[in-house]
Amino acid sequence: MEILRIKALGHDFGGLRALSGFDLALDEREFVGVIGPNGSGKTTLFNLVSGIYRAATGSISFRGRELVGMSPSSIAHLGITRTFQNIRLFKELTVLDNVRVAKYAAVRYSGLEALLHVGRFRTEERRLTEEAMELLTLFGLDDKAEDPAKNLPYGLQRRLEMARALAASPNVLLLDEPGAGMNPAEIGRLIQLLQWTKEHFPIAIVLIEHHMKMVMELCQRIKVLDFGVTISEGTPMQIRQDPKVIEVYLGKKDYAAVAGRTENTGYGHTADNRPHG
Amino acid sequence: MMKIFRTAIHGQPAGPRRPMLAVIIAGFALSIALPYFGLLNKYVIFVLISVGINVILTISLNLVNGFMGEFSVGHAGFMAVGAYGAAVTSVNVIPRWMGAAAFPTAILAGGLAAALVSLFVAIPSFKTRGDYLAIVTLAFAMIVKSALENMDVLGGPRGFMGMQQFTTLPWVFFWMVLSLWAIRNFVYSAYGRGVLSIREDETASELSGVDTRKVKVLTFALSSFFAGVAGGLYAHLLQFINPSMFDVIKSTEMLIMVYLGGVGSIAGSILGASIYTILMEVLRPMGVWRMVLMPAVLILLMIFRPRGIMGLRELRWFVYKAIPHSGAAAKGQNIGNT
Amino acid sequence: MAYFLQQFINVLQTGSTYSLIALGYTMVYGVLSMINFAHGDIFMVGAFLFFLFVSTLKLPFVPSMLAATVLTALLGVATERFAYRPLRGAPKMSAVITALGVGVLLEHLTLAINPYPRHIPAMFEGSGTWSAGGVVISQLKAAIIVFSLLMMALLDFTINKTKLGMAIRAISWDMSVVPLMGVSVNGVIAATFAIGAGLGGIAGVLYSLAYPVINPYMGVMVGWKAFISAVIGGIGNVRGAIVGGYVLGLVETLTIVFLPATYRDVTAFSLLLILLVYRPYGLMGKPKTFKV
């Protein structure tokens, strides 16, 4: 069943075309990958879908509801949440509160009840906290619940960000380079985590990633962007063999990295110097 | 000693609440008894009342600056609206025979008036951030002051009088406890977590589903309400107000109390307001040089301890926990270190 | 017609003061992205220093003005060195609050030393007025306007044509490239503060010639007006600040023509609020694109 339909989506910054004519029909519980060189419009796509930017052209409909023009919080509330390329946790808040923040819309008490701590407040807070703790337990973060998020090691911060994105019980999860700055062993664990997440939660996932191994192993379908334009799409097998993709990634030289067995293209390592943890 | 402080928002399992309630009841009883039996002279009572009013102002400003991380540097504007609102209600609306019985109504009216005008700052805060919002708030305070000076019905620059001296120690204690309690409750709720997440990362907050606009409006309204309450108490203490009482210097004083005691901390607000108010009284013999010291303290604080004494930490008594011993509470499948 | 010309001269006079001070706000914002709320009080200190030299020390006009200008410039450098530089890496909020604190400190320090308003002695009693077709302009006023314009032209030349100006513009663009040019960042920032504060000091002297009663709080309102001027022109934009001062002068004069004079401040601040919300980059600036 189709859950998200993006049609002819386009956006530009001061005349510079960042994304154009992007289409995507995402089914429930589907796992789709978006790849492409840096600056090819991948993050712009996420910023448009999650409502940070208002799309210049095209439409995004979620279960038949148009999202263009909606505030990011309403979009999150409807059921699309995301993570960030550069982790954006609430650093000074506890691990538990990071997750509880995302349950904002699930709260069933009024402002007055909050102000007086009466009525539904106490039972609701208890329920919310228990749900958050369950989620943290699933992600192996329960023993860190009271620590400030900034004290977590890098890998756990990524995991917490994912837990936070799932806290609002979304139907679509947008993951922006969750593997950035990770070594092959960590990537292996991340793949397992994502597979497990996919099975455990009723969600469709759109994944932006430079680590080819992740995309190839996880995604049912892949879309390839270059300069904001979709240059290819298909199953991992089709993408692996598409000469256009290989050209974009490797400048025609090395066929093996995409087609072959290597752990990753090396893209994620050369492009930036993120902290390892 | 430091064991009783924890990073804000979480904390050790909250102990029994009884001591807090006992402190409040004892404090209230003392606030009635001490003046009644003549155990305090007028000056000491005046200082204690000033401490109380300043605690209200400090917690109110801390909610916006410390907890939400937005810049309000024109809080005196809200105080002014509250002071005038309460004073006008008291003098022109409430019949005089009602006396002190109607005092809470006047204070409430001042608080509500201030909460209403807070929209003038809350709405620009949707789009404007950082130092630009600071200018908006300062400009707002300037507009309030200029507007009051232009209103002849309110006495214009000469000021407004006719209020009876209703502000007593027990009343100030009551309003102080109310402000601390309400703001503490608010901070430890879903809205409060929204407030904190705006301070940490507004975009991530919005994308996590927090309706940041609503949270901002509520926070500014709550903060302004209590700034207005403090203004109303102030007006009924001095029995005379004029627009220039609520100038940039008043706002600066509030900032000092917040940044002295500690940003994002309820205990810090109490501490900052108390230390500052008493220090300024002790230094009274310094005369005008006291006024030189005041901004100097602020500058030094900003350079050497920008978060203040209790910055982002909280006294255990104030922490609310939904589940007393969380951490061990939840059970479930653990994918741990797969 | 004569009435309008007369008003036009008023616009030129108030506008000149605003522009001179606005330049200080805009230059500091350019290099540090920080609003120096103490700048209005620097202007006030300029007037008081002038008073000190001219009235207490009985020095002649030109040396007094020079000394006042140099000392305010040094004061500007000192505030940067001791209050703002330690906060350069700190959150912006700290810098804004510190600037506010520096402003109040200068006011109260001046108040502690001069508890009463001071009166600048009349220096150009011999100077007359020109009049033509019903329009009257005192020679002093004309001199103030012309001198202000000259100073602004000089600054504009400095910013656009000299090596120092190039360095200032480079820092505004990107602080990290300047060391590559072999220029000390701290030096350029200090120079910016010196120029900005010096212009503020000059404005203080000129203002006190036109309005001789000075008090420690005189810089608050004038400083705000200058700041609004800088916002009108797009803060960080030097020519914008100059134009902004005259625009605000015009708006204020029009307000007085059509409304009671007491509405002048409310109008100016309302203009500021509207600008900040709808056009924070000013009338002459370009919108910044924010990266998320």
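With respect to chain B, whose longest principal axis is taken over its alpha-carbon atoms, helix B:190-200 is tilted by about 90°. Can you run the Rg to Rh ratio on segment C:2-278? Use alpha carbon positions and the Kirkwood inverse-distance Rh. Result for segment C:2-278 is an Rg/Rh of 0.97. Between C:Gly249, C:Gly133, C:Gly223, the residue with the greatest mean-square fluctuation in the GNM of chain C (Cα pairs under 10 Å linked by springs) is C:Gly133.
At the listed q of 0.10, 0.16 Å⁻¹, the Debye profile of segment B:11-93, built from one uniform point per Cα, gives log10 I(q)/I(0) equal to -0.44, -0.98. Between C:Tyr116 and A:Asp143, the distance separating the two model label sites (each 7 Å from Cα on the Cα→Cβ line) works out to 7.6 nm. Find which of B:Asn65, C:Leu164, B:Leu119 sits farthest along the positive direction of the dipole of the protein assembly as shown, computed with +1 on the beta-carbon of Lys and Arg, -1 on that of Asp and Glu, about the Cα centre. Comparing the listed Cα positions along the dipole, B:Asn65 ranks first.
Kindly state, as a whole number, the per residue volume in cubic angstrom of the convex hull around the alpha carbon atoms of segment C:204-282.
It comes to 103 Å³ per residue, whole-number rounded.
Its residues counted as N, chain B yields a C-alpha radius of gyration over 2.2 N^0.38 Å of 1.02.
Residues A:Glu177, A:Glu124, arranged from fewest to most other Cβ atoms within 10 angstrom of their Cβ, appear as A:Glu124, A:Glu177. Ranked by how many other Cβ atoms sit within 10 Å of their own Cβ, fewest first, the residues A:His77, B:His236 fall in the order A:His77, B:His236. In summary, chain A shows an alpha-carbon radius of gyration equal to 1.04 times the 2.2 N^0.38 Å reference for compact globular proteins. If R0 equals 51 Å, the separation of the Cβ atoms of C:Arg81 and B:Val47 corresponds to a calculated FRET efficiency of about 0.85. Dividing the Cα radius of gyration of segment B:232-311 by its Kirkwood radius returns 1.00 for Rg/Rh. Taking each of C:Lys92/C:Lys163; B:Lys250/C:Lys92; A:Lys42/A:Lys150 in turn, the alpha-carbon distance tops 25 angstrom for C:Lys92/C:Lys163; A:Lys42/A:Lys150.
Per-residue ellipticity at 222 nm computed for chain A from its helices equals -10500 deg cm²/dmol, with DSSP H segments shorter than 4 residues left out and the rest contributing -39,500 (n - 2.57).
Here's the picture: charge each Lys and Arg Cβ at +1 and each Asp and Glu Cβ at -1 in chain B, and of B:Val153, B:Ile45, B:Phe28 the one pushed furthest to the positive end of that dipole is B:Phe28. Each Lys and Arg adds +1 at its Cβ and each Asp and Glu adds -1 at its Cβ; summed about the Cα centre, segment B:2-334 shows a dipole of about 860 debye. Each stretch of four or more DSSP H residues adds -39500 (n - 2.57); spread over every residue of chain C, this sum gives -23000 deg cm²/dmol at 222 nm. Taking a point 7 Å out from the Cα of A:Phe227 in the direction of its Cβ, the residues of segment A:40-75 whose backbone N falls within less than 15 Å of it are A:40-41. Diagonalising the gyration tensor over the Cα atoms of segment C:1-56 and scaling each eigenvalue by 5 before taking the square root yields semi-axes of 27, 21, 6 Å, largest first.
P(r) tail for segment A:28-171: Cα pairs beyond 25 Å make up 38% of the total.
The C-alpha atoms of chain C define a longest principal axis, and helix C:238-258 lies at about 40 degrees to it. Helix A:121-138 axis versus longest C-alpha principal axis of chain A: approximately 40°, rounded to the nearest ten. Using only Cα atoms, locate the centre of segment C:59-124 and the centre of segment A:134-175, then give the distance between them in Å, rounded to an integer. One Cα centre to the other: 51 Å.
Based only on other Cβ atoms within 10 Å, what is the fewest-to-most ordering of B:Asp152, C:Asp156, A:Asp226?
Going from least to most buried by this count: B:Asp152, C:Asp156, A:Asp226.
Full extension of the chain segment joining B:Val282 with B:Ala296 gains 3.4 nm, where the gain is 0.36 nm per residue of separation less the Cα-Cα distance. The radius of gyration of the Cα set in the protein assembly as shown, together with its Dmax, comes out at 30.7, 95 angstrom.
Partner shielding of B:133-140 amounts to 6, given as the average count of beta-carbon atoms from other chains within 10 Å of each residue beta-carbon.
Count Lys and Arg as plus one, Asp and Glu as minus one, and take only other residues whose Cβ is under 10 Å from that of A:Ile3; the net charge is then -1. Of the residues B:Gly85, B:Tyr259, C:Ala142, the one whose Cα sits farthest toward the positive end of the charge dipole of the protein assembly as shown, with +1 on the Cβ of Lys and Arg and -1 on the Cβ of Asp and Glu, is B:Tyr259.
Taking the Cα centre of the protein assembly as shown as origin and assigning +1 to Lys and Arg Cβ atoms and -1 to Asp and Glu Cβ atoms, the resulting dipole is close to 600 debye.
Here segment C:2-278 is treated with +1 on each Lys and Arg Cβ and -1 on each Asp and Glu Cβ, and its dipole about the Cα centre works out to around 380 debye. Electrostatic bookkeeping for B:Ser118 treats Lys and Arg as +1 and Asp and Glu as -1; over the other residues with beta carbon under 14 Å from its beta carbon, the sum is +2. For A:Ser110 and A:Gln195, FRET efficiency with R0 = 41 Å and r from the beta-carbon atoms, rounded to 0.05? According to the calculation, E is roughly 0.50. First obtain the Kirkwood hydrodynamic radius of segment B:164-300 from its Cα pairs, then insert it into the Stokes-Einstein equation at 4 °C and 1.567 mPa s, and state the resulting D in µm² per second as a whole number. It diffuses with D of about 76 µm²/s by this estimate.
Each value in this text was obtained by applying a stated rule to the coordinates, not by laboratory testing. Nothing here was measured: the structure is a model prediction, and the numbers come from that model. Cβ: placed from backbone, ideal geometry, glycine included. Neighbour counts: every protein chain shown.
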